[in-house]
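Here's the structure we're looking at; comments come further down.
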Amino acid sequence: MNKTVNQKAWFFVIPVFVLVAFNAIIPLMTVVNYAFQETFGNNVFMWEGTRWFKQIMLSERFHASLGRQFLFTFIILFIQIPLGIAIALTMPKEGIGVPVCLVLMSMPLLIPWNVVGAMWNIFALPDIGFLGHSLNALGFDYNFTQQIGDAWFTTILMDVWHWTSLVVLLSYAGLRSIQPAYYQAAEIDGASRWAIFTKIELPKMKKVLTIAILLRFMDSFMIYTEPFVLTGGGPGNATAFLSIDLVKMALGQFDLGPAAAMSLIYFFIVLLVCWVFYTLMMRNEEKS
Amino acid sequence: MAKVTLKGLSHSYLKTQSSDADWAIRGVDIDWNDGGAYALLGPSGCGKTTLLNIISGLITPTKGDILFDDKVISGLSPVERNIAQIFQFPVIYDTMTVYDNLAFPLRNRKVPEEEIKVKVHEIAEMLELSSTLNNRASGLTADGKQKISLGRGLVRSDVNAIMFDEPLTVIDPHLKWILRSKLKELHQKINRTMIYVTHDQTEALTFADQVVVMHEGQIVQTGTPVDLFEKPKHTFVGYFIGSPGMNVLPCQIKGNDVIFNGKKIETHQQIKKSNFNKTEVGVRPEFISFSNEGIPVKVLSVSNTGRHKIVDTESETGKIKIIAKSNEDIPSGSAFLKFKKEYTYTYGDSWIIE
Amino acid sequence: MSLELKNVEKKIGLDTHIYSTNLKLEKNTINILLGPTLSGKTTLMQIMAGLDKPTSGEIWFNNENVTGMKVQKRNVSMVYQQFINYPNFTVYDNIASPLKITGVSSDETKQRVGKVAELLKLSGMLNKKPNELSGGQQQRTALARALVKDSDLILLDEPLANLDFKLREELREELPKLFENRDCIVVYATTEPSEALLLGGNTATLQEGKIIQYGKTLDTYNKPNSLVSAQVFSDPPMNIAKIKKSGDQCSFLQNDIQWKTKLNIKDGEYKVGIRPHNITTYKEGTNTLEIKGKVLISEISGSESLIHFTNGNLNWVSLSNGVFQKNVGDEMNLYMNTDEFVYFDQNERLVSNG
């Protein structure tokens with residue numbers, strides 16, 4: 001029998017190609033294009049080679065925002081992952097509590113990002129916001145628009161509020177997939193609650209936790225909308241994380257070349273960290 | 001080590017019970033001696049796993065008491081009961097080495113590290129795990145993992161009983177044989193009370209000295225493998241044990257005679273009672289032979305299993321299976337069957353008439 | 001109708017999952033793929049079904065090359081170890097599902113579903129959902145779905161593995177009858193030698209991605225072409241010992257037991273395979289050999305006794321009919337039926353049956 005050659009499939013693939021091209025490839029190539037050239041508008045371009053990259057890499061402004069970015073991401077991971085696991089562990093395993101908890105947990109995830117920023121902005125206003133007012137009434141000198149520490153505190157609190165649920169939901173799914181026999185065997189072996197957690201629950205949750213950490217790393221590393229609405233990067237540049245700084249540079253100052261170079265560097269940092277983290281986690285997996 | 005006694009145990013997963021069917025197990029009484037090898041045998045849903053979990057303390061029974069060495073322990077937790085349990089799927093601690101897995105129950109009980117070392121090596125030797133002690137437990141094959149689960153039960157010298165919940169389910173047939181005889185060998189070496197739950201008659205009969213057959217939440221017969229095979233007290237035991245199971249066919253009782261297929265037949269018992277709703281005659285395929293006269297049948301089919309032949313025949317009263325030697329000539333078409341009198345029983349309302 | 005694999009090979013990365021395989025399956029046959037876990041049974045079935053493509057080689061169906069043809073275009077049914085049914089459909093809709101896809105009229109669907117349901121004893125539960133059924137009934141539903149459409153090829157991947165012993169026995173007996181008078185090729189994967197023997201048909205023994213032997217089930221069992229095939233097709237595992245032949249005298253290397261052989265082969269060292277049921281506590285057959293044994297364990301399964309014993313530095317397993325209770329360490333005499341010995345050369349190929 002001759003094999004029938006059927007080209008129909010291409011018709012189904014074309015829309016995806018077009019979408020991906022418009023979504024990813026064309027914008028990315030535009031950025032690459034800008035990163036190596038200087039433009040004064042009117043489609044006039046001059047070749048600049050790696051000048052913008054050197055400039056960005058050596059710029060103190062970039063170092064500062066990158067540092068802030070890493071600090072922020074590190075802090076929120078440090079809080080959200082353990083907190084998420086802890087909440088997942090205390091969630092009910094059966095009965096009406098399960099759907100109730102799951103719905104409550106998903107609520108923050110469903111709120112649009114700029115709304116989250118706006119909500120927290122109002123919530124934290126020192127004079128009329130519930131949080132700001134209460135803190136001041138309790139005797140704390142709290143003003144997130146003026147004081148760096150307060151701005152960071154509020155941004156982190158907002159992010160923890162917004163995103164811990166994601167870690168909770170993933171951990172909960174991981175926990176539920178553990179067979180009851182494991183708990184029974186541990187109980188019979190006389191294992192303490194802590195031993196059950198470290199020897200059974202954590203190892204069994206490893207895969208979902210890897211995904212949770214990756215997702216939270218990428219999202220928080222690229223955070224823009226919420227702090228932009230909440231603090232606008234201020235006071236000063238205190239909460240100007242990478243993406244906020246990038247937008248300031250690109251749209252505020254119209255330094256398209258350096259901004260494009262910075263975007264690419266930014267992109268590679270995210271890629272590199274994710275890759276390193278993933279390989280480390282998976283290498284352990286193979287060993288076992 | 002301990003003697004295990006169950007007194008009037010009943011358990012229901014429902015809050016209120018209206019009929020017998022609402023009980024997972026009902027009225028279970030068992031006396032198990034210290035150091036014996038016992039099996040709970042029955043189909044899925046017969047209550048055997050419920051019973052096992054009650055003994056290990058994972059379930060609190062609705063009614064009745066559990067005694068270890070004549071002391072009531074019904075309220076104690078699994079740890080306080082000092083039992084070990086091996087589950088259907090191997091439970092191992094993935095991140096630990098084989099050594100650490102075996103040492104885990106001892107470390108939890110704060111046994112000195114020196115003593116642990118001696119004990120773990122001794123058990124590893126017994127289970128042929130010595131060469132893998134430093135490997136990650138998660139890298140082992142299914143039977144290796146199951147040996148670790150077993151080892152964690154054996155390292156503790158103070159366990160009252162070791163319970164097995166269908167431990168060979170995920171093991172390949174060849175390794176099943178090896179692991180099963182390993183279990184039996186271990187039992188003889190260490191002499192601990194072992195309780196083995198399974199739906200597989202071969203596993204139950206070969207492992208245990210005493211087998212408890214369960215059916216719909218009740219014990220139908222307790223006995224040695226030979227008792228259960230040669231003299232089933234209930235037609236369910238006859239059907240469930242033996243492969244193929246016992247031939248159970250309707251019969252009539254007239255006076256002291258058993259009438260089967262229109263003729264009087266000889267059975268093991270003397271019949272004195274006859275007020276039953278249903279009377280049946282039971283005989284195992286192993287105890288039927290072809291003969292020149294007797295019960296007329298039609299031979300339907302023959303299947304050769306290498307070791308023996310299973311012959312399907314049909315009589316006027318119903319189908320009858322026969323096990324014949326693999327080199328035996330099987331008549332085709334019409335034939336006559338003869339039941340061995342000593343192993344032919346009469347059942348009234350499913351229970352043996354005595 | 002026939003299904004033919006020509007030089008089919010499957011590699012994933014650097015691992016070879018199926019080594020070059022040639023196999024021709026004929027119409028109206030049950031073909032058993034017998035081998036341990038990971039021997040390649042499932043991969044082979046997926047290639048046959050068209051769920052997976054071979055790395056090289058061709059699959060021919062009815063003298064038509066169907067390599068790479070999608071499973072949807074082939075007329076294939078498959079039943080898995082897990083009970084796979086549509087959870088939200090009733091049993092009726094589950095069984096009818098393959099017919100709905102092909103657009104069979106509702107009258108005909110009704111009639112065909114009714115017929116298959118009756119065959120599989122599901123008639124009373126057509127309006128139930130799968131989760132209201134027992135495991136056995138769920139698998140019957142899956143089987144009915146596979147049978148309702150007139151498939152050319154029905155693939156069963158360890159369909160009884162998740163069922164209770166007795167349910168397995170019941171379905172195993174019904175299966176060959178279900179496939180009788182059907183124009184199709186049945187392929188059945190199992191890890192259990194006894195299952196292959198009970199199903200009959202043809203058997204292919206598999207080990208590590210290779211088909212070792214293919215032929216009529218009983219022939220494959222009685223005349224294994226190699227030691228590997230004999231080991232795969234032996235339950236309980238076969239006893240293997242090294243022997244020396246000079247003239248018409250054979251003797252074990254590890255003891256001085258001697259016997260005469262009619263084998264016309266040159267002198268030298270060989271291996272002999274003895275199935276456990278050919279070592280018994282009583283004499284069976286005309287040529288028996290006495291062997292002294294020290295009992296390791298004895299297991300009784302009602303009608304049969306398994307005695308594990310040592311002789312020389314070898315461990316042996318014997319299987320006798322009847323009950324023989326022995327204690328550990330007992331010395332006893334056993335008898336081997338030399339007519340049933342299977343001889344293998346140094347390369348572990350079959351020499352000849354004694």
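The values are calculated or read from the model by the stated rules, or taken from the named source; none is laboratory data. Here the structure is a predicted model, which means the values were calculated and not measured. Quick reminder, even Gly has a Cβ in these numbers, built from the backbone with ideal geometry, and neighbours come from all protein chains shown.
So that you can scan it fast, the table gives a plain yes or no per residue for (1) surrounded by fewer than 17 Cβ atoms within 10 Å (Cβ to Cβ); (2) over 23 Å from C:MET125 (Cβ atoms); (3) not basic (Lys, Arg):
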| residue | (1), (2), (3) |
| --- | --- |
| C:PHE61 | no, yes, yes |
| C:VAL66 | no, yes, yes |
| C:ASN75 | yes, yes, yes |
| C:MET78 | no, no, yes |
| C:THR90 | no, no, yes |
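Taking segment A:116-194 and the helices (runs of 4 or more DSSP H) fully enclosed by it, the elements with 2 or more residues that are within 14 Å of another protein chain (Cβ to nearest Cβ) are at A:180-188. The residue pairs whose first member lies in segment B:324-343 and is within 30 Å of B:GLN269 (Cβ to Cβ), whose second member is small (Gly, Ala, Ser), and whose beta carbons are closer than 7 Å, counting only pairs six or more residues apart or on different chains, are B:PHE336/B:SER291; B:PHE336/B:GLY294; B:LEU337/B:SER291; B:LEU337/B:GLY294; B:LYS338/B:SER289; B:LYS338/B:SER291; B:LYS338/B:GLY294. Residues in segment C:119-142: is at least one outside any loop (DSSP other than H, G, I, E, B), under 18 Å from C:THR43 (Cα atoms) and under 22 Å from the mean Cα position of the chain (by Cα)? No, there is no match, as no residue in segment C:119-142 is outside any loop (DSSP other than H, G, I, E, B), under 18 Å from C:THR43 (Cα atoms) and under 22 Å from the mean Cα position of the chain (by Cα). For segment B:249-272, the count of residues that are touching an Asp or Glu at 6+ places or on another chain (Cβ under 9 Å) and within 11 Å of chain C (Cβ to nearest Cβ) is zero. Selection over segment C:291-311 of residues that are touching a residue at least 24 places away in the same chain (Cβ under 8 Å) and either out of contact with any strand residue (DSSP E or B) (no Cβ under 7 Å at 6 or more places or on another chain) or closer than 30 Å to B:PRO285 by Cα (or both) gives a count of 8.
Within segment B:143-172, the set of residues being part of a loop (DSSP other than H, G, I, E, B) and either in contact with a Leu (Cβ under 6 Å, 6 or more places away or on another chain) or of a type in the set (A, V, I, L, M, F, W, C) (or both) comprises B:VAL155, B:VAL159, B:LEU168, B:VAL170, B:ILE171.
When segment A:195-212 is limited to residues that are over 18 Å from A:LYS93 (Cβ atoms) and within 11 Å of chain B (Cβ to nearest Cβ), the one that is surrounded by the fewest Cβ atoms within 10 Å (Cβ to Cβ) turns out to be A:THR198. With a requirement of 2 or more residues that are buried (at least 19 other Cβ atoms within 10 Å of the Cβ) and free of Cβ contacts under 8 Å to residues at least 40 places away in the same chain, none of the strands (runs of 3 or more DSSP E) lying completely within segment B:10-106 satisfies it. If you take the residues of segment A:229-243 that are in a helix (DSSP H, G or I) and either in contact with a helix residue (DSSP H, G or I) (Cβ under 6 Å, 6 or more places away or on another chain) or of a type in the set (Asp, Glu) (or both), which of them is nearest to A:SER65 (Cα to Cα)? Going through the qualifying residues, I end up with A:LEU242.
B:ASN277 meets each of the listed conditions (1) assigned to a loop (DSSP other than H, G, I, E, B); (2) surrounded by 17 or more Cβ atoms within 10 Å (Cβ to Cβ) apart from (2). Selection of segment B:231-240 for residues being within 11 Å of chain C (Cβ to nearest Cβ) and in contact with a Ser or Thr (Cβ under 9 Å, 6 or more places away or on another chain) yields only B:PHE236. One residue stands out in segment B:201-230 among those that are within 11 Å of another protein chain (Cβ to nearest Cβ) and assigned to a loop (DSSP other than H, G, I, E, B): the one that is surrounded by the most Cβ atoms within 10 Å (Cβ to Cβ), namely B:ALA208. Check C:SER305 against each of (1) in contact with a Phe, Trp or Tyr (Cβ under 9 Å, 6 or more places away or on another chain); (2) over 18 Å from B:HIS308 (Cβ atoms) and name the one condition it does not meet. Against the list (1) in contact with a Phe, Trp or Tyr (Cβ under 9 Å, 6 or more places away or on another chain); (2) over 18 Å from B:HIS308 (Cβ atoms), C:SER305 comes up short only on (2). If you take the residues of segment C:20-76 that are acidic (Asp, Glu) and assigned to a strand (DSSP E or B), which of them is farthest from B:ILE171 (Cα to Cα)? Among those residues, the one meeting the criterion is C:GLU64.
Residues in segment B:297-354 that are among the basic types (Lys, Arg) and assigned to a loop (DSSP other than H, G, I, E, B) were compared, and the one that is farthest from C:ASN278 (Cα to Cα) is B:LYS340. Just one residue in the set C:VAL8, C:VAL66, C:VAL79 is without any contact (Cβ under 8 Å) to a residue 40 or more places away in the chain and of a type in the set (Val, Ile, Thr); that residue is C:VAL66. Among the residues of segment A:136-143, are any under 25 Å from A:PHE241 (Cα atoms) and either surrounded by 20 or more Cβ atoms within 10 Å (Cβ to Cβ) or touching a residue at least 12 places away in the same chain (Cβ under 8 Å) (or both)? The answer is yes; a qualifying residue exists. Per this entry, B:VAL72 is not counted among residues that are under 27 Å from the mean Cα position of the chain (by Cα) and within 10 Å of another protein chain (Cβ to nearest Cβ). Within segment C:92-115, restricting attention to residues that are among the β-branched types (Val, Ile, Thr) and modelled with pLDDT under 90, the residue that is surrounded by the most Cβ atoms within 10 Å (Cβ to Cβ) is C:VAL104. Just one of the numbered conditions (1) within 14 Å of chain C (Cβ to nearest Cβ); (2) surrounded by 13 or more Cβ atoms within 10 Å (Cβ to Cβ) is not true of A:ILE75; which one? Status for A:ILE75: all satisfied but (1). Restricted to segment C:260-295, and to residues there that are among the aliphatic types (A, V, I, L, M) and assigned to a strand (DSSP E or B), the residue that is nearest to the chain's Cα centre (by Cα) is C:ILE274. Just one residue in the set C:ILE279, C:ILE211 is modelled with pLDDT of 90 or more and more than 30 Å from C:ILE12 (Cβ to Cβ); that residue is C:ILE279.
Number of residues in segment C:311-354 that are polar (S, T, N, Q), buried (at least 16 other Cβ atoms within 10 Å of the Cβ), part of a strand (DSSP E or B) and more than 12 Å from chain B (Cβ to nearest Cβ) equals 2. Selection of segment C:1-28 for residues being surrounded by fewer than 16 Cβ atoms within 10 Å (Cβ to Cβ) and of a type in the set (S, T, N, Q) yields C:SER2, C:ASN7, C:ASN22, C:ASN28. Per the conditions (1) touching a helix residue (DSSP H, G or I) at 6+ places or on another chain (Cβ under 6 Å); (2) at the interface with another protein chain (Cβ under 9 Å from one of its Cβ atoms); (3) not β-branched (Val, Ile, Thr), the sole criterion not satisfied by B:ASP172 is (1). Among the residues of segment C:204-229, the one identified as within 12 Å of chain B (Cβ to nearest Cβ), buried (at least 22 other Cβ atoms within 10 Å of the Cβ) and more than 12 Å from the chain's Cα centre (by Cα) is C:PRO224. Counting only helices (runs of 4 or more DSSP H) that sit completely within segment A:6-66, those holding 1 or more residues that are among the β-branched types (Val, Ile, Thr) and touching a residue at least 40 places away in the same chain (Cβ under 8 Å) correspond to A:26-35, A:51-58.
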